[in-house]
Amino acid sequence: MNTEKRNVGGRILAIRGMPQVITVTIGLLIIFAVFSMLSDNFLSVRNLRNLMRQAAPILIIGIAQSFVLITGNIDLSIGSVVGMSCMISATLMTKGVSPANAVGITVLSCLIVGSINGLLVAKCSLPPFIATLGTMTIARGIAQIVNNNHNTDSIGEGARVFRRLFYYEDIGGVYSSVWIAVILWFIFNFILSNTRTGRHIYAVGSNIDAARMSGVNINYTVTAAYLVSAFCSCVAGLITCAAGGVGTMDAGNTYELYAVAASVIGGVSTLGGQGLLLGTVVGALIWSVLQNGLVMAGAPVAIRNIAVGIIVVISVLLDIVVRSGKRIRHKKTS
Amino acid sequence: MELLAEMLHVDKSFFGVKVLEDVSFDVRAGEVVALLGENGAGKSTLVKILSGVYARDAGTMKIFGSPVGDLTPRQAQDLGIAIIHQELNLCSHLTVAENIFLGRETTKGGILSKREMSAAAGGILSSLNIDMDPDMIVGDLSVSMQQLVEIAKALSTDARVLIMDEPTSALTAKEIDDLFVIIRKLRDEGGRGVVYISHRLDELKHIADRVSIMRDGRFIKSAGFADITMDEIIANMVGREIKEKFPRVRCARGKKIFEVKNLSAGDMVKDVSFELYEGEAVGIAGLMGAGRTELTRAIFGVDGHDSGQIFLDGREIAIKHPSDAIASGIVLAPEDRKKDGLCVRLSVRENIALPNLDSLCGGMGMVNRKKEDDMVGETTKNLAIKLSGPEINAGSLSGGNQQKVVVGKWLARNSRVVIFDEPTRGIDVAAKVEIYNLMNELKKNGIGVMFVSSEMPEIIGFADRILVMCDGRITGEFSGKEATQGKILEKATRFETKKLGSHDGAEREEAV
């Protein structure tokens, strides 16, 4: 664990959580190589562009969940907020509201869910699992109620720009939804690793008592994480809406768990205080490569589910083995 | 006397670092052997090998005369070796009886025999003269009561060798007395041997039959307690004479910096008033449970206070949250490093920067890494924190270095008042001196220094002025010159008799 300034590699390795990210990156490369051999079409430009587009919403909700997990909490309302965002924006646009206003209203309503999560968990000290289980159900209910318990009609011609902006536009060979994911990742990675709020998020997840005694505002920090989560989920919902051109009430169903998977595969600890958003990228990619690659290799749905489940468990298991090995080493100094 | 356990020429390394070298140690029936040494001398490692937590690299180990190989904790327990670790290892959501029989539950046809276990636990507790209901939830008990549960748990295995690693650190004077009665009783009945590890040398005369001294992973000396003087013990522990244990620097007393008026908070802080001047270090003495930690927490805004005023440089300040205190320049290095002081899984860099991010962040709340690295570099250099690099996890440091990080994160900002709660607990002599020197530096720079300590010599030897607390009130004040242990103890126990009766009753009510 020497952190001499002389070599860049050493410095990068010394970043907390980086070894895990490197481990899973190697895993990603192996999975990638296997699928390239199993299927001729896997490596085609067309499929790779498609793959990236599939990975984009997973990365976005992965960012959402990672923020909350690092504070030592969990957000189960992610999938429902995706659905809520999809339904609210679509309903407004079919009713003739301009896409810009529709997006604005949608973002605001999703942020309200985020702040309620923060309020319940931080201020009212509800267990995060229970609090967000409640808001998960409520948000799904809202998604159902906005268009009287029906999926919407097509959001229509007026929304063409919206659909291109959030999904279809091809910029430099990459679809716009991928660009959105990349931009969000840069912004939130910067916030998490370079700002005061980001540092507080780690501190709260690592030791909430020590953070409080250091003057950290716990309520603000936890709420900020839930707001980031709600915002990202909202964007994922907008992408879903733009992709289909309609609002579907069960959009984003079980996304909160995909988000946990992407985060945890990437080395974010469910116990809080640990993890890098870089890992979440790798986690989201592993998730998407598995889904896409198994389809390309002709595997049936059941096999796909089993394979993905096994990968999630193994990657967390590996992480625990690696970390417990480290813990023994640390004992000598204590 | 019958040899119960014997360790000969034991070696142990952790990843290339030798922590035990050629150590021999034994326990006989009917004796209390005090295992002594500074922190890091290898005492805990030695008893962890005996109790099966670690495996030795070399050497032989005999239990009841027959050699044994590497043990698991369970095997050691079955052989009759019980250990009470320094840290509490209890399930706080379970009852006393459930904890005592954890892993050894009695069942009938696969169904837990709850009533039998509860009765058996009650029997063990009453045989130890511990007045406790075995059906109480452990989390509702005070720390000292929990410690007694640990002891009862260890004894419930019918152990012949009982190892106690700093059992008294969380107990009050009366509880320590009771514990000693229990230990002596255990020693005299059933041919048990007790290994007793403690840093409080003044306890030894009540309990030790023999002392074994270790230093730097080596066995130094073993002698009957009657045949060795306290000075010899200390000299053997440190390997050198401690000339000036408390490097107190005298400064001229300057103007008043800080004042607390009629502060009350909960049951543990009642109508406390005191002042703090430039150039002095004020020590807060008192027994465990006197309300000292609660006082520091109330001042710092962790728990909030019910009434009273706090003044800094003559201005009244409102403190509702630690961030208010920090913003005004009042900081606290808390008692429990791992719980309140450090984010153990974050790096040293992040820990030092945590309370100082306001000054390290530029526009848009972005952390300035260059400033941060400079601050961390300067702090680690000034405090001589030994590190392989600032990215190392704070939790992996030794106790002394952890404490320096806790102190260092506060010294990196310009504070007016620094409050230390048990600043030298669990750290070795060299690190202690460095902490004292730090406090001297603060004093010289006109910063108000206040520290809580349970070590009487430390209070007398280092504080310029001493406030004694008992039962949530300040019951006495002495200058450093006139204070003696007797005088302080007299004030610290001023309400003791009254308190014990009423306090016990209150605790029982809470638990029911």
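Throughout, read-outs are computed from the coordinates displayed, never taken from laboratory work. Bear in mind the structure is a predicted one, so any value in this text is a computation, not a measurement. Here the Cβ is made from the backbone with ideal geometry for all residues, glycine too, and neighbour counts use every protein chain on show.
So here's what we get for this one:
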read-out: Cleavage-rule hits (GluC sites (Glu not before Pro)) in the stretch B:109-203: DSSP loop, at most 15 neighbouring Cβ within 10 angstrom; value: B:189
read-out: Amide hydrogen neighbours beyond the local backbone of residue B:26, cut-off 5 Å, H modeled; value: B:7
read-out: Above-threshold pairs, the threshold being 21 Å between Cα atoms, out of B:270/B:409; B:370/B:409; B:320/B:404; B:270/B:444; B:205/B:481; B:174/B:339; value: B:270/B:409; B:320/B:404; B:270/B:444; B:205/B:481; B:174/B:339
read-out: Three semi-axes of the equivalent ellipsoid, the stretch A:7-119, Cα gyration tensor, whole Å, largest first; value: 35, 24, 12
read-out: Other protein chain Cβ atoms within 10 Å, averaged over every residue that makes up B:320-329; value: 3
read-out: Residues in the stretch A:294-320 that a label on residue A:41 would reach, taking backbone N under 12 Å of a point 7 Å out along Cα→Cβ; value: A:294-299
read-out: Value of [θ]222 nm, deg cm²/dmol, for chain B, DSSP H segments ≥ 4, -39500 (n - 2.57) each, nearest 500; value: -10000 deg cm²/dmol
read-out: Likely footprinting exposure, B:248, B:292, A:53, fewest C-beta neighbours within 10 Å first; value: B:248, A:53, B:292
read-out: Span-like helix ranges in chain B, DSSP H, alpha carbon extent 24 angstrom or more, Kyte mean at least -1.0; value: none
read-out: Test item: B:334-347 mean partner chain Cβ contacts at 10 Å; value: 6
read-out: Listed peptides A:90-97, A:182-189 by packing density, highest first (mean Cβ within 10 Å); value: A:90-97, A:182-189
read-out: Length released on extending from residue B:327 to residue B:91, taking residue separation times 0.36 nm less the Cα-Cα span; value: 81.2 nm
read-out: Spatial extent of the stretch B:131-240: Rg and Dmax, with the Cα atoms as the point set, Å; value: 15.7, 50
read-out: Trypsin sites (Lys or Arg not before Pro) within the stretch B:63-115, DSSP loop, no more than 12 other Cβ atoms inside 10 Å; value: B:104
read-out: Selected from A:33, A:236, A:131 as most flexible by GNM, with chain A as the system and alpha-carbon contacts under 10 Å; value: A:33
read-out: Of every Cα-Cα pair in the protein assembly as shown, the percent that sits beyond 41 Å; value: 46
read-out: Theoretical gain in end-to-end length, residue B:303 to residue B:318 [0.36 nm per residue, Cα-Cα removed]; value: 4.0 nm
read-out: Residues whose placed amide H lies under 5 Å from that of residue B:257, excluding near-sequence neighbours; value: B:276, B:277, B:278
read-out: Gyration tensor verdict on the stretch B:342-413 (Cα atoms; rounded if a/c is under 1.5, prolate if a/b is larger than b/c, oblate otherwise); value: prolate
read-out: Partner chain coverage, peptide A:113-120 - average Cβ within 10 angstrom; value: 0
read-out: DSSP-defined antiparallel bridges as percent of all bridges, the stretch B:3-238, nearest 5; value: 60
read-out: Helix-only mean residue ellipticity at 222 nm for chain A, each DSSP H run of n ≥ 4 adding -39500 (n - 2.57), per residue, nearest 500; value: -24000 deg cm²/dmol
read-out: Placed amide H near residue A:72: partners under 5 Å, 5+ positions off or other chain; value: A:272, A:273
read-out: For chain B, diffusion coefficient by Stokes-Einstein and Kirkwood Rh (Cα), 10 °C, 1.306 mPa s, µm²/s; value: 64
read-out: Max mean-square fluctuation residue, GNM over chain A, Cα-Cα springs under 10 Å, options A:21, A:316, A:228; value: A:316
read-out: Overall form of the stretch B:241-368 per C-alpha gyration tensor (a/c, 1.5; a/b vs b/c); value: rounded
read-out: Candidates A:87, A:52, A:18, ranked by Gaussian network fluctuation over chain A, Cα under 10 Å, top entry; value: A:18
read-out: Likely footprinting exposure, A:35, A:129, fewest C-beta neighbours within 10 Å first; value: A:129, A:35
read-out: Summed residue charge, Cβ within 10 Å of residue A:245's Cβ, Lys/Arg positive, Asp/Glu negative; value: +1
read-out: Residue order, fewest to most surrounding Cβ atoms within 10 angstrom, among B:172, A:132; value: B:172, A:132
read-out: Square roots of five times the Cα gyration tensor eigenvalues for the stretch A:178-334, Å; value: 31, 24, 12
read-out: Three-way shape label, the stretch B:3-238, alpha-carbon gyration tensor, a/c 1.5; value: prolate
